[in-house]
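J.: Input: one structure, supplied below.
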Amino acid sequence: MTGLNTKIFVAGHRGMVGSAIVRQLEKSGHTNIITRSRSELDLANQREVLDFFQAEQIEQVYLAAAKVGGIVANNTYPADFIYENLMIQCNVIHSAHLSNVQQLLFLGSSCIYPKLAAQPMQETALLTGTLEETNEPYAVAKIAGIKLCESYNRQYGRDYRSVMPTNLYGAHDNYHPQNSHVIPALLRRFHEAKLNGDKKVVAWGSGKPMREFLYVDDMADASIHVMNLDKSIYDDNTGPTLSHINIGTGVDCTINELVKTIAKVVGFTGDIKFDVTKPDGAPRKLMNVGRLKALGWEYSVPLETGLSKAYEWFLNNQDEFRG
């Protein structure tokens, strides 16, 4: 366990996960949380990152900074996704090591697993098959982040851990009309349809794929839990070449079920149609969270409750997403 005055750097504190980690740390009484905006510190700039670490004498790092987006964004900007994520990860992890930071938690993504991985996906499925085509560059970058952490642990005895969240949603999500993930995209679409009095909303794909969703405050709680586990307990559940832990609910639903739940939360009463010409992505993505449960953590926010919280946040912050 870390003391409440431990100097903790949360990289990506303005993003959905990073901001939730900051909230959770503050709620727990931590008083020495270090953050930097993108204008203050460019994580893709090696010299800036190393200078920052050496000046600040950080003791613990949550690496939640990343370039993220949905299917459209990943398909449109593949070079940006692989380059920016690789640079951020390499700079933060290497600079942490050079500055003698012993504890770091890297946040990845469930897209690291093969497109047709056996369900539910176990940590051992990593690098056993072909990735989903639409987000392969992003997934490769995240796999590299896991291997960076493993390699610094093996070569230098660091305690750099990785957590792989399922699909996340909640406060500070991205509601951009083109570049957002499925839940914020649908919440916004149904909200605008309700306001406009539309009789119909069109959702992408067939509605048949299965997906798992975790409320972001649960993700933050799980991240802090994993970070603060005794090293011997963590190592017993991972090992030197399998250093990541799945974070999820262990429960999934069809996109069709998700769409209907979002319509209910928003209060849209019109028809729902599916555009089968649009991509579905992987047929199913469910995390095996057996290791996480064995380490003493389970989720607490059910999907409909979380969606209601996310919609409330959107309503209170929608001026940010106009245009």
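J.: Specify which of the listed residues (ALA144, ALA222) is surrounded by fewer than 20 Cβ atoms within 10 Å (Cβ to Cβ), assigned to a helix (DSSP H, G or I) and either of a type in the set (Val, Ile, Thr) or under 22 Å from the mean Cα position of the chain (by Cα) (or both).
T.: When all the criteria are applied, what remains is ALA144.
J.: Here's a check for you: in the range 239-254, which residue that is surrounded by fewer than 20 Cβ atoms within 10 Å (Cβ to Cβ) and among the hydroxyl-bearing types (Ser, Thr, Tyr) is farthest from VAL10 (Cα to Cα)?
T.: The selected residue is THR254.
J.: Could you list all residues from the range 48-106 that are closer than 26 Å to ALA185 by Cβ and out of contact with any helix residue (DSSP H, G or I) (no Cβ under 6 Å at 6 or more places or on another chain)?
T.: Matches in the range 48-106: VAL68, GLY69, GLY70, VAL72, ALA73, THR76, TYR77, ALA79, ASP80, TYR83, GLU84, ILE88.
J.: Please specify each residue of the range 124-135 satisfying the condition of being touching a residue at least 40 places away in the same chain (Cβ under 8 Å) and of a type in the set (Asp, Glu).
T.: GLU132
J.: In the range 122-141, which residues are surrounded by fewer than 24 Cβ atoms within 10 Å (Cβ to Cβ) and among the aliphatic types (A, V, I, L, M)?
T.: Matches in the range 122-141: ALA125, LEU126, LEU127, LEU131, VAL140.
J.: Can you name every residue in the range 151-187 that is within 19 Å of the chain's Cα centre (by Cα) and basic (Lys, Arg)?
T.: Within the range 151-187, ARG161 is the sole residue that qualifies.
J.: Please tell me if THR76 is at pLDDT below 95 and in contact with a Gly (Cβ under 9 Å, 6 or more places away or on another chain).
T.: The answer is yes for THR76.
J.: Same structure again: Please find, within the range 225-258, the residue that is nearest to the chain's Cα centre (by Cα) out of those that are closer than 28 Å to ASP173 by Cα and polar (S, T, N, Q).
T.: That would be ASN246.
J.: In the range 137-166, which residue that is charged (D, E, K, R) and in contact (Cβ under 8 Å) with a residue 40 or more places away in the chain is farthest from ALA66 (Cα to Cα)?
T.: Here the answer is ARG154.
J.: Being within 17 Å of HIS97 (Cα to Cα), touching a residue at least 40 places away in the same chain (Cβ under 8 Å) and not hydrophobic (A, V, I, L, M, F, W, C) is the filter here; which residues of the range 25-47 pass it?
T.: Those that are within 17 Å of HIS97 (Cα to Cα), touching a residue at least 40 places away in the same chain (Cβ under 8 Å) and not hydrophobic (A, V, I, L, M, F, W, C): ASN45, GLN46.
J.: Would you mind stating whether LEU25 is crowded, with 17+ Cβ neighbours inside 10 Å, part of a loop (DSSP other than H, G, I, E, B) and touching a helix residue (DSSP H, G or I) at 6+ places or on another chain (Cβ under 8 Å)?
T.: no
J.: Still on this structure, I have one more. Which residue is surrounded by the most Cβ atoms within 10 Å (Cβ to Cβ), if the candidates are limited to the range 179-199 and must be among the polar types (S, T, N, Q) and under 18 Å from GLY15 (Cβ atoms)?
T.: SER180
J.: Can I ask one more? Restricting attention to the range 188-196, does a residue exist that is assigned to a loop (DSSP other than H, G, I, E, B), farther than 25 Å from ALA44 by Cα and hydrophobic (A, V, I, L, M, F, W, C)?
T.: No, that holds for no residue.
J.: Continuing with this model, one more query. Among the numbered conditions (1) touching a Phe, Trp or Tyr at 6+ places or on another chain (Cβ under 6 Å); (2) closer than 18 Å to ASN153 by Cβ, tell me where LEU127 comes up short.
T.: Here LEU127 clears every test but (1).
The values are calculated or read from the model by the stated rules, or taken from the named source; none is laboratory data. Remember, it's a predicted structure, so these values are computed and weren't measured experimentally. Here Cβ is always computed from backbone atoms with ideal geometry, including for glycine, and neighbour counts include all displayed protein chains.
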